[in-house]
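Undergrad: Sharing a structure, written as structure tokens. Questions coming.
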Amino acid sequence: MWQSYVQALLLALALSGMGFGIAKVVVVVGERLIERRHGTIGLRDMLARRAKLEQGLEARRTARTAELKKADDEVRAVIARRQHMERQLKDALLSGDHVVRQVGEEVKGVPCFIAQVANKYVGTGADQTREHAFIDRSWSQPQTIEVWTTSLPEARKEIERRYPPAFGYVVMRVQQIAGASAAEPARKAS
């Protein structure tokens with residue numbers, strides 16, 4: 001009985017030794033074929049370069065992933081801010097207050113112009129049920145815009161820069177507010 005166990009053990013060792021030998025021969029023959037194809041020196045350099053390239057690509061992927069996460073967080077913050085502002089605008093419109101948009105900064109001595117701007121791509125009149133994908137329905141009616149610039153042509157230019165005609169915005173009327181800034185030049189002249 002022990003003899004059969006010893007024979008089985010020796011047979012298993014012999015078979016595993018033969019398997020190892022065959023695997024070693026396959027590896028050596030494969031190395032020789034690759035060395036013959038690429039050259040002995042070139043192969044080692046190529047493997048070293050590829051290892052460096054792989055490390056560099058992995059570092060770049062990690063950096064790009066971090067940049068993408070940062071950009072995604074920024075986009076989410078902008079979307080949340082836009083939704084908050086849209087809610088504020090909707091609340092202001094529903095409260096009955098008149099919304100006045102402002103272009104430029106209010107500076108003492110700079111005249112203020114009032115403009116009426118609408119969008120021709122948003123439904124008008126009986127066609128107000130039609131919605132635009134990016135422009136609020138309120139633009140179907142003229143919107144009041146305050147423009148703080150030095151002259152009427154400059155005011156129109158600023159309005160068209162902020163609300164481009166290519167996107168359907170139409171300036172219906174622009175006029176200067178008669179106020180302190182208009183009275184100051186008259187005082188200086190006298």
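The values are calculated or read from the model by the stated rules, or taken from the named source; none is laboratory data. Keep in mind that what you see is a predicted model, and the values were worked out from it rather than measured. Cβ atoms come from the backbone with ideal geometry, glycine included; neighbour counts cover every protein chain shown. Please note that ligands, DNA and RNA were not included when accessible areas were found on the heavy atoms of the full protein model with its side chains. Shrake-Rupley method; radii C 1.70, N 1.55, O 1.52, S 1.80 Å.
Undergrad: Could you work out what % of the accessible surface of region 1-81 is carbon and sulfur, using a 1.4 angstrom probe and leaving DNA, RNA and ligands out of the count?
TA: 67 percent
Undergrad: Provide the per-residue ³J(HN,Hα) series for region 113-118, in order, calculated from phi with Karplus coefficients 6.51, -1.76, 1.60 and θ = phi - 60°, each as a whole number of Hz, with x at glycine and proline positions.
TA: Using θ = phi - 60°, the values come out as 10, 9, 10, 10, 10, 10 Hz.
Undergrad: Sorted by mean Cβ packing within 10 Å, highest first, what order do the peptides 137-146, 84-93 take?
TA: Averaged packing, sorted descending, gives the order 137-146, 84-93.
Undergrad: What length, rounded to one decimal in nm, is gained on full extension from Leu33 through to His84, with 0.36 nm per residue of separation minus their alpha-carbon distance? All intermediate terms of the calculation are to be shown ahead of the outcome.
TA: Working: separation 51, 0.36 × 51 = 18.36 nm, distance 6.68 nm.
Gain in length upon complete extension: 11.7 nm.
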